[in-house]
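Asks: What follows is a single structure, and I will ask about it in a moment.
Laboratory data are not the source of any read-out in this text; all were calculated from the coordinates shown. The shown structure was predicted, so the numbers you read here are calculated from the model rather than taken from an experiment. In this analysis, Cβ positions are derived from the backbone assuming ideal geometry, glycine residues included, and neighbour counts consider all displayed protein chains.
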Amino acid sequence: MSDRNETTGEGRTGAIVLAAGQGTRMRASGPKVLQPLLGKPLIEHVLDAIAAAGVDGPAVVVVPADDDRVAHALQDRPGVRVAVQPQPDGTGGAALAGLRALEATGLPPRVLVACGDAPLIRPETFAALIERHEQAAAAATVLTAEVPDPSGYGRIVRSGDGERVARIVEDREARPGERGIHEINSGTFVFDTEGLADLLEQLPVQPYKGERYLTDVVQRLVAARKTVAAFRAEQWQEVLGVNTIEQLADAGAILRKRIVYGLMRSGVQIPAPELVWIEVDVEVAPGARIEPFSVLRRGARVGADAVVGPFAHLGPGAQLAARAEVGNFVEVKRSTIGEGAKAKHLAYIGDAQIGPRANVGAGTVFCNYDGKDKHRSVVGEGAFVGSGSLLVAPCELAPGARTGAGAVVTRGSRVESGETWVGVPARPLDPRR
Ligand code: UD1
Ligand code: CA
């Protein structure tokens with residue numbers, strides 16, 4: 001939009017992500033929103049989805065006053081500012097703290113308020129919510145879902161015509177009739193920002209939790225004859241909030257399925273989709289096959305027609321080129337495996353560069369850690385690492401070099417092309433023998 005005024009934020013939508021709750025139901029020592037979900041903290045799932053939705057205004061994350069771990073975790077994230085909620089006085093207080101931070105740089109006309117503990121909402125859902133808000137010319141629009149088990153969530157009480165929202169009632173405060181409502185509040189809203197700070201300031205403290213509820217803004221807007229619209233998420237699972245360890249696992253199962261089926265749709269073979277663990281930001285090229293019981297951690301890369309597993313573990317920084325094969329009980333970490341190279345059984349490949357068509361025998365260990373530092377090793381193109389070799393890093397096998405079974409290649413060694421080293425410590429085999 002060309003008429004957008006960047007200084008006042010006109011035409012833009014800001015974002016506030018609530019992340020100052022104590023997360024007591026999680027019973028964890030650290031902040032709930034930093035709990036990892038398939039390799040990425042909850043809060044980052046939310047921020048990434050908001051960014052991918054094209055929310056164009058500034059983003060603020062609301063953090064608690066007595067714990068700087070969330071602020072610390074986000075300090076290197078561009079485009080995200082942190083606002084401190086002075087007291088833990090509920091979602092209403094948190095939204096107000098976020099709004100004040102947005103005011104400091106020019107309040108955008110609309111704001112998306114999301115929860116740092118709802119990591120499954122997809123970018124297209126955030127975008128559709130904002131669109132609905134604009135179409136409905138509403139003062140507030142809430143993202144809802146029809147869920148099989150609404151317990152613990154705020155319920156959406158619709159007004160007479162069923163089109164609009166009359167109020168949101170928390171589980172604890174719901175009357176028996178209201179408890180039966182299956183349409184729940186996801187905790188995500190779009191608000192017009194005009195007058196919102198005043199409303200938030202006037203929110204009463206609700207006796208049960210001793211908190212100010214953001215949800216109470218709804219009935220106040222309605223009382224002021226403003227429209228509160230709702231947008232129902234297509235997939236109810238998207239809005240699941242993570243309050244407990246069980247819910248964290250449930251959210252992981254949903255996201256894992258999303259990732260695995262997404263890969264299959266792109267042409268990756270995963271014959272037992274429920275038996276693989278694939279985290280976020282894993283890239284697998286079409287034609288690759290992921291066999292059962294394989295674990296692919298965040299950031300792993302697998303090339304076309306490569307084979308992973310069964311029972312393989314690709315850690316951070318594992319990169320398999322096309323047609324590489326990594327089989328049973330092989331762990332790969334911060335290493336590249338060249339085109340067509342193989343490590344099919346029982347190996348640890350850490351901090352290594354394996355050349356194309358090299359073969360890493362069963363039981364090989366790259367001894368990358370000397371107790372203090374990690375070191376890198378190189379195995380050249382077409383090299384052959386005999387079964388049970390220990391390669392003490394840093395060391396190198398030149399292209400076509402070989403080690404015999406059980407060789408211990410000591411640190412700083414280089415096995416030249418055409419040589420075969422054997423024994424402990426490994427020495428070149430005498431070519432005359
Ligand atoms: C909230 C909603 C409920 C909705 C549910 C969706 C309220 C009163 N209730 O309940 O209607 O169905 O989310 O998952 O809003 N937070 C702060 N500061 C606080 C308290 C909370 O920043 O003082 C943050 C939390 O970190 C969390 C979010 O707000 O990310 C929601 O708080 P939580 O306590 O989990 O609310 P619920 O009880 O789940
Ligand atoms: Ca919650």
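Asks: Report the full-extension gain for the segment GLN87 to GLU201: residue separation times 0.36 nm, less the Cα-Cα distance, to one decimal in nm. Please list the in-between numbers first.
Replies: On the way: separation 114, 0.36 × 114 = 41.04 nm, distance 1.36 nm.
Result: 39.7 nm gained on full extension.
Asks: Let me make sure I get this right: for the range 13-239, a, b and c are the square roots of the gyration tensor eigenvalues over alpha carbons, sorted descending. Under 1.5 in a/c it's rounded, otherwise prolate if a/b > b/c, else oblate. Which is it? Walk me through the numbers before you get to the answer.
Replies: On the way: a/c = 1.35, a/b = 1.25, b/c = 1.08.
Since a/c stays below 1.5, the shape of the range 13-239 is classed as rounded.
Asks: Separate question: Amide H of ILE121 versus every other amide H placed in the peptide plane: which residues, excluding those fewer than 5 positions away on the same chain, fall under 5 Å?
Replies: For ILE121, no residues qualify.
Asks: So, one more: Taking the Cα centre of each part, how many Å lie between the range 184-204 and the range 337-410?
Replies: Taking the Cα centre of the range 337-410 as reference, the centre of the range 184-204 is 59 Å away.
Asks: Want the number for ASP66 to TYR208: 0.36 nm per residue separation, take away the alpha-carbon distance, what's left?
Replies: Values: separation 142, 0.36 × 142 = 51.12 nm, distance 2.29 nm.
Extra length from ASP66 to TYR208 when fully extended: 48.8 nm.
Asks: How far is the Cα center of the range 141-167 from the Cα center of the range 83-100, in Å?
Replies: Cα centroid to Cα centroid, the span is 24 Å.
Asks: Related question: As a test of understanding, state the convex hull volume per residue of the range 187-303 from its alpha carbons, in Å³.
Replies: Working: hull volume 19.1 nm³, N = 117.
In the range 187-303, the Cα convex hull volume per residue is 163 Å³.
Asks: Provide the FRET efficiency to the nearest 0.05 for the ASN243-ALA52 pair, computing r from the beta carbons and using R0 = 35 Å.
Replies: On the way: r = 25 Å, r/R0 = 0.71.
Here the calculated transfer efficiency is 0.90.
Asks: Now, a different point. Would you mind checking the tilt of helix 42-52 against the longest principal axis of the Cα atoms of the chain, expressed as 0 to 90 degrees and rounded to 10?
Replies: Around 80 degrees separate the two axes.
Asks: Report, to the nearest 10°, how far helix 91-103 tilts away from the longest principal axis of the Cα atoms in the chain, using its own Cα long axis and a range of 0 to 90°.
Replies: For helix 91-103, the angle is close to 80 degrees.
Asks: TYR261 to THR420: extension gain in nm, 0.36 nm per residue of separation minus the Cα-Cα distance? Could you put the intermediate results ahead of the total?
Replies: On the way: separation 159, 0.36 × 159 = 57.24 nm, distance 4.53 nm.
Additional length available on full extension: 52.7 nm.
Asks: Evaluate E = 1/(1 + (r/R0)^6) for ALA253 and ARG411, where r is the Cβ-Cβ distance and R0 equals 35 Å; express this FRET efficiency to the nearest 0.05.
Replies: 0.20
Asks: Okay, moving on. Helix 245-265 versus the longest principal axis of the chain: what angle, 0 to 90°, nearest 10, using Cα atoms?
Replies: Long axis of 245-265 versus the principal axis of the chain: about 60 degrees.
Asks: Put +1 on the Cβ of every Lys and Arg and -1 on every Asp and Glu Cβ in the range 13-239; which of PHE231, GLY162, SER151 then has its Cα farthest towards the positive end of the dipole?
Replies: SER151
Asks: Calculate the dipole size of the chain relative to its Cα centre from +1 charges on Lys and Arg beta carbons and -1 charges on Asp and Glu beta carbons; express the result in debye to the nearest 20. All intermediate terms of the calculation are to be shown ahead of the outcome.
Replies: Working: 49 positive and 52 negative charges, 269 e Å.
Using only the charged Cβ atoms, the result is roughly 1300 debye.
Asks: Sort the range 226-274 into rounded, prolate or oblate with this rule: let a ≥ b ≥ c be the square roots of the eigenvalues of the Cα gyration tensor; rounded if a/c is under 1.5, and if a/c is not under 1.5, prolate when a/b is larger than b/c, oblate otherwise.
Replies: Values: a/c = 5.10, a/b = 1.67, b/c = 3.06.
Because a/c hits 1.5 or more and a/b fails to exceed b/c, the range 226-274 counts as oblate.
Asks: Given labels modelled 7 Å from the Cα in the Cβ direction, how far is it in nm from GLN235 to ARG158?
Replies: Simple spin-label model gives 2.4 nm for this pair.
Asks: Based on alpha-carbon centroids, what's the gap between the range 40-67 and the range 231-300 in Å, whole number please?
Replies: Here the two parts' Cα centres lie 21 Å apart.
Asks: Here's another thing I want to ask about it. Of the residues ALA229, ALA324, ALA398, which exhibits the maximal mean-square fluctuation in a Gaussian network model of the chain defined by a 10 Å Cα contact cut-off?
Replies: Taking springs between Cα atoms under 10 Å, the residue moving most is ALA398.
Asks: OK, next. Would you work out which of SER294, ALA52, THR24 lies farthest towards the positive end of the dipole of the chain, given +1 charges on the beta-carbon of Lys and Arg and -1 on that of Asp and Glu, about the Cα centre?
Replies: Most positive-ward Cα: SER294.
Asks: Check which residues have an amide H placed less than 5 Å from VAL415's amide H, if you skip close sequence neighbours.
Replies: Amide H to amide H, under 5 Å and 5 or more residues apart or across chains, VAL415 pairs with GLU396, LEU397, ALA398.
Asks: To the nearest 20 debye, what charge dipole does the range 203-315 have about its Cα centre, counting +1 at the Cβ of each Lys and Arg and -1 at the Cβ of each Asp and Glu? Before the final figure, lay out each step's value.
Replies: Values: 14 positive and 12 negative charges, 107 e Å.
Taking the Cα centre of the range 203-315 as origin, the dipole is about 520 debye.
Asks: In addition: My understanding is that a pair violates if its Cα-Cα distance is over 27 Å; which of LYS257/LYS372; LYS40/LYS342; LYS32/LYS344; LYS40/LYS333; LYS209/LYS257; LYS40/LYS374 do that in this structure? Kindly include the intermediate steps, with their values, before the conclusion.
Replies: Values: LYS257/LYS372 39 Å; LYS40/LYS342 30 Å; LYS32/LYS344 39 Å; LYS40/LYS333 18 Å; LYS209/LYS257 35 Å; LYS40/LYS374 25 Å.
LYS257/LYS372; LYS40/LYS342; LYS32/LYS344; LYS209/LYS257, as the Cα separations exceed 27 Å there.
Asks: I want to check the label-to-label distance for ARG77 and ARG100. Put each point 7 Å from Cα in the C-beta direction and report it in nm to one decimal.
Replies: That separation, rounded to one decimal, is 2.2 nm.
Asks: Sticking with this structure for a sec: Placing unit charges on C-beta atoms (Lys and Arg positive, Asp and Glu negative, everything else neutral), compute the dipole magnitude of the range 245-428 about its Cα centre in debye, rounded to 20. Walk me through the numbers on the way to the answer.
Replies: Working: 21 positive and 18 negative charges, 21 e Å.
Dipole about the Cα centre, nearest 20: 100 debye.
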